[in-house]
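Encoded as structure tokens, the structure appears first; notes follow it.
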Number of protein chains: 2
Amino acid sequence: MSAKTSPTQPRRLSEITDWHRETDIAIIGFGGAGGCAALEAADAGAEVVIFELASASGGSTALSSAEIYMGGNGGTRVQRACGFEDSTEDMFSYMMMAAGPQADEAKIRNYCDNSKAHFEWLLELGVPFKDSFHETRAIMCLTDDGLLYTGNEKAYPFSEQAKPAPRGHNLYVEGDNGGPMFMKIVTENVEKRSNIRVEYETRALTLIADEHNQIHGVVIRKDRQEINVRARKGVILCAGGFVMNQEMVARYAPKLSFGTEPIGNPGDTGSGILMGMGVGAAAINMHEGFISVPYYPPESITRGILVNDKGQRLINEDVYHARLGNAILSDNSERHFFIVTVDQYGDYESMNFMGAQVVGTGETAAELEEELQLPRGTLESTLELYNRYAADGQDPLFHKAEQWLEPLEGPLVALDVTPGRGAFWPYFTLGGLDTLPTGEVVTADQQLIPGLYAAGRTACGVVRRAEGYSSGMSVGDATYSGRLAGKAAANRDN
Amino acid sequence: MSAKTSPTQPRRLSEITDWHRETDIAIIGFGGAGGCAALEAADAGAEVVIFELASASGGSTALSSAEIYMGGNGGTRVQRACGFEDSTEDMFSYMMMAAGPQADEAKIRNYCDNSKAHFEWLLELGVPFKDSFHETRAIMCLTDDGLLYTGNEKAYPFSEQAKPAPRGHNLYVEGDNGGPMFMKIVTENVEKRSNIRVEYETRALTLIADEHNQIHGVVIRKDRQEINVRARKGVILCAGGFVMNQEMVARYAPKLSFGTEPIGNPGDTGSGILMGMGVGAAAINMHEGFISVPYYPPESITRGILVNDKGQRLINEDVYHARLGNAILSDNSERHFFIVTVDQYGDYESMNFMGAQVVGTGETAAELEEELQLPRGTLESTLELYNRYAADGQDPLFHKAEQWLEPLEGPLVALDVTPGRGAFWPYFTLGGLDTLPTGEVVTADQQLIPGLYAAGRTACGVVRRAEGYSSGMSVGDATYSGRLAGKAAANRDN
């Protein structure tokens, strides 16, 4: 027991002499995914133990605003009350576009088909949503409104192919963060089930597998003791992502190295993903992450233009901040700026999260161009073209929606959004273990690993790239995928 | 034996009742990596068997031109004869930039430090290189010249940070393809060694591992029999990449789905990578691939400009074709064009590999813009700015080198380079098993998997992304990493 146990080296069943604990299902991690997995597994009649590293439930869900992306099927109660009829097909089309070439169609189909029912399940848990719509463009809803647009739904090209509907459901809670309240509700529900036990301050070390990599349990460490836990039906890994593991981020998701602010909890060390890999599970989409530049509020910044050091625009500026951030990172330039008018700059200093500094001002485009040391004529010709079209309410180049179009007249202000130098860049990982929609973990050639399940950020979920992420997809996926994994494990016939 | 053996499910040592064969080292695959691994292992005194799926040696190396990227240490014989002194530090700086955030510094350092010695090792094998320099810009050297620039060495920003030197070494051979001759030489050398045996038409099914995932051999199929091969020192996976496995490409490298022409041999099904994953090895950089648009020859196309459907340029057009191709794929546009003058178009039809069609012509930029249905003023303002600077021999936006700069005057021609619609796009994978510079395979938390080695495309080598690839890095890495793995396995103390 003195040598460090590696999560990628499973303990073999043949080496286990004593089972110190037995249960039907062992769940690793008590965030949104683990909590919801436990509830469904318990309600299907299974005996469940949750092992949580921290001294309380919460995980990354409790650190988030706990917005939940839901809709379809004619609309949730909140959507309908706010006047939005949302169809499952529109939601499906939107999410498929959002996932792009990485889409897992079966998983997205399942998510959309059951999204309204998931909303109702959350209501039954006691999660409160107010039937009110938040009009203003926001990164997080700072009011108690229950519904808002949280992604690219109204932006080109998404709006052309899927009828927009707001699907970000925001908890009815005082203050700005729904996460703690959401996890309090989940935890209270867990505590009501006599067939769920929670063990805090326990670290999962490695899986217990037989020689064919079938899973029989997990080794945990508690009070400096290694404890062999037999899980008769299976182990569900809900241990979060790997954003706090710098080596793994560097090796798997180097584009996130531009980020300045990892979003996650200290347990997001990738241990669940590593345990899966140790028994031959495939980790997929590991290079992808959410990385963004939160350029609104104030929403007036959206009326400005984003340009690179060639004075070129990159994207319609009315997209979600992660899509815009990704466009900056994909652009092979050394500097990037948001060019806004003094009016658009408006409340920037008091309201903005972005942290970008003013690096230039000018009465005219030519003056600003010179101050920013851009090649002569670059910003000038971009603005000339932009203004000519904007005066007619058009943006034939990038298709920013008409409501955000107005000619940019001096005096002009340039904000520095250069990665690593200007703005603040939050990031988190989006890769994880490959799972079937049920939460069953598979190998790279799609063989099941019997007894192993994953959910939340430990799995690769419906959310697969910054270009298509909408706020609410993380907690939406964590809670829903947790439920499915809990059900599947409880119903396993072994 | 009726159930299909999955490569991700190792055969356990405890299940092996008979060893049908025994050797020190089993090598899976007889391409450039496998052949060189065998030579070094044999020369270090080990008994070696190579198992090759096909009925002859060759692999993807034989399908390539077998250019080899080498230099440093004052220059190879060919570099020096052609008047280029190449320093190891310049080569290292270049390769580090080429690999970008994915760089494995230890591996690149090792490659550069030993590159000139690798050249000499190849000479000893009998690989011939002519001491002549090929001046013309080329995708592959269609002459018998021994040396050419094969990447981004002379293009911005590489040229600013590392003194350019040509490092693509081209075999002295009649006809256009050095690959078959290269593999013939390697094979003849293999056949000379009495301690190497080659078994053709054998398929490696899965690794033989003990319960701690230590590797003891490999199960192969030959003449419909499953044969257990004990490898006392280790197994070296040189089984190629996964470009021919459509499911794996879709799941791991979706950006390659834009490619039209997979570059590889039928054995590139990812089986070596899958076998590694089955024993807990990490597969890294799996999302990355080489994907390119071969827009030269004629080199005169380099004098044109690449624009998107906003009329914007994307990159200095004097970069290597994979870097330019990657810029197109990373740009969020629906159409892309090469705009050239009639003079630059020149010999395009007879010389070009790209397959792009002429989709517009115009006496002026405005005429061409209209014909391409670009928003009015877009291409016009881009060309106006480009020409103004080009007349002074400058490109302050993208820094194309002066030799390629000239104002583009009508009549103008537009070639369609839209992915999936216009040009031809070759591609191959660049991800694989994570290895130490020695070729030893490791898990995601950098634990050794004793007895397992990988080289060539089965490993993740020095070449990590299209943006920085130079021709010759594949065969360079395959042959050099094969040698290291062969040596390491032969010297293993077990």
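The values are calculated or read from the model by the stated rules, or taken from the named source; none is laboratory data. Just so you know, these numbers come straight off a predicted model, no measurement behind them. Because the Cβ atoms are built from the backbone with ideal geometry, glycine has one as well, and the counts that use them run over all protein chains shown. Ligands, DNA and RNA are excluded from the accessible area calculation, which covers all protein heavy atoms including side chains. Shrake-Rupley method; radii C 1.70, N 1.55, O 1.52, S 1.80 Å.
Overview of values
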item: Lone qualifier among B:VAL359, B:VAL417 - being among the hydrophobic types (A, V, I, L, M, F, W, C), modelled with pLDDT of 95 or more, over 27 Å from B:ALA66 (Cβ atoms) and in contact with a His (Cβ under 6 Å, 6 or more places away or on another chain); result: B:VAL417
item: Checking A:GLU363 against (1) under 26 Å from A:GLU288 (Cα atoms); (2) open to solvent by 40 Å² or more (accessible area, probe 1.4 Å), the condition it does not meet; result: (1)
item: Matching option when the condition is open to solvent by 40 Å² or more (accessible area, probe 1.4 Å), touching a Ser or Thr at 6+ places or on another chain (Cβ under 8 Å) and either touching a residue at least 24 places away in the same chain (Cβ under 8 Å) or basic (Lys, Arg) (or both), among B:ASP113, B:ASP86, B:ASP43, B:ASP18; result: B:ASP113
item: Output for segment B:118-143, where each listed residue is part of a loop (DSSP other than H, G, I, E, B) and modelled with pLDDT of 95 or more; result: B:GLY126, B:VAL127, B:PRO128, B:LYS130, B:ASP131, B:SER132, B:HIS134
item: Any hit, segment A:391-398, residues being under 30 Å from A:PRO254 (Cβ atoms), assigned to a loop (DSSP other than H, G, I, E, B) and touching a residue at least 12 places away in the same chain (Cβ under 8 Å); result: yes
item: Candidate set: segment A:309-356, residues that are open to solvent by less than 10 Å² (accessible area, probe 1.4 Å), within 17 Å of A:VAL413 (Cβ to Cβ) and within 23 Å of the chain's Cα centre (by Cα); chosen: the one modelled with the highest pLDDT; result: A:GLU317
item: Unmet requirement for B:GLY146, which otherwise passes all of (1) surrounded by 22 or more Cβ atoms within 10 Å (Cβ to Cβ); (2) at pLDDT below 95; result: (2)
item: Unique match (being open to solvent by 40 Å² or more (accessible area, probe 1.4 Å), charged (D, E, K, R) and within 19 Å of B:TYR480 (Cα to Cα)) among B:LYS192, B:LYS130, B:LYS184; result: B:LYS184
item: Enumerated helices (runs of 4 or more DSSP H) restricted to segment B:1-106, each holding at least 1 residues that are of a type in the set (Asp, Glu); result: B:32-43, B:88-99
item: Check on A:LEU368, open to solvent by less than 30 Å² (accessible area, probe 1.4 Å), more than 14 Å from every other protein chain (Cβ to nearest Cβ) and part of a helix (DSSP H, G or I); result: yes
item: Verdict on A:GLU160 being free of Cβ contacts under 8 Å to residues at least 40 places away in the same chain and either outside any loop (DSSP other than H, G, I, E, B) or surrounded by 22 or more Cβ atoms within 10 Å (Cβ to Cβ) (or both); result: yes
item: Selection within segment A:48-58 - out of contact with any Gly (no Cβ under 6 Å at 6 or more places or on another chain) and open to solvent by less than 10 Å² (accessible area, probe 1.4 Å); result: A:VAL48, A:VAL49, A:PHE51, A:GLY58
item: Segment A:251-277: number of residues that are more than 8 Å from chain B (Cβ to nearest Cβ) and closer than 22 Å to B:LEU433 by Cα; result: 7
item: Residue count for segment B:403-419, restricted to those that are under 29 Å from the mean Cα position of the chain (by Cα) and farther than 11 Å from B:ARG335 by Cβ; result: 3
item: Set A:GLN394, A:GLN373: member being polar (S, T, N, Q), open to solvent by 70 Å² or more (accessible area, probe 1.4 Å), under 14 Å from A:VAL307 (Cα atoms) and within 13 Å of chain B (Cβ to nearest Cβ); result: A:GLN373
item: Given (1) open to solvent by less than 10 Å² (accessible area, probe 1.4 Å); (2) touching a helix residue (DSSP H, G or I) at 6+ places or on another chain (Cβ under 7 Å), index of the condition B:GLN79 fails; result: (2)
item: Residue count, segment A:95-120 (criterion: away from chain B (no Cβ under 14 Å) and in contact with a Cys (Cβ under 9 Å, 6 or more places away or on another chain)); result: 1
item: Test: A:ARG167 is among the basic types (Lys, Arg), open to solvent by less than 20 Å² (accessible area, probe 1.4 Å) and under 26 Å from A:ILE291 (Cα atoms); result: yes
item: Selection from segment A:216-227 of residues that are buried (at least 20 other Cβ atoms within 10 Å of the Cβ) and in contact with an Asp or Glu (Cβ under 8 Å, 6 or more places away or on another chain); result: A:HIS216, A:VAL219, A:ILE220
item: Answer from A:GLY289, A:GLY304, A:GLY280 - the residue that is touching a strand residue (DSSP E or B) at 6+ places or on another chain (Cβ under 8 Å), at the interface with another protein chain (Cβ under 10 Å from one of its Cβ atoms) and open to solvent by less than 10 Å² (accessible area, probe 1.4 Å); result: A:GLY280
item: Residue count for segment A:59-76, restricted to those that are touching a Gly at 6+ places or on another chain (Cβ under 8 Å) and either within 26 Å of A:SER159 (Cβ to Cβ) or crowded, with 24+ Cβ neighbours inside 10 Å (or both); result: 11
item: Unmet criterion (only one of (1) under 19 Å from the mean Cα position of the chain (by Cα); (2) open to solvent by 10 Å² or more (accessible area, probe 1.4 Å)) for B:GLU247; result: (1)
item: Subset of segment B:253-273 [over 15 Å from the mean Cα position of the chain (by Cα), open to solvent by 10 Å² or more (accessible area, probe 1.4 Å) and under 24 Å from B:LEU452 (Cβ atoms)]; result: B:GLY267, B:THR269, B:SER271
item: Residue tally, condition out of contact with any helix residue (DSSP H, G or I) (no Cβ under 6 Å at 6 or more places or on another chain) and more than 30 Å from A:GLY278 (Cβ to Cβ), over segment A:188-213; result: 4
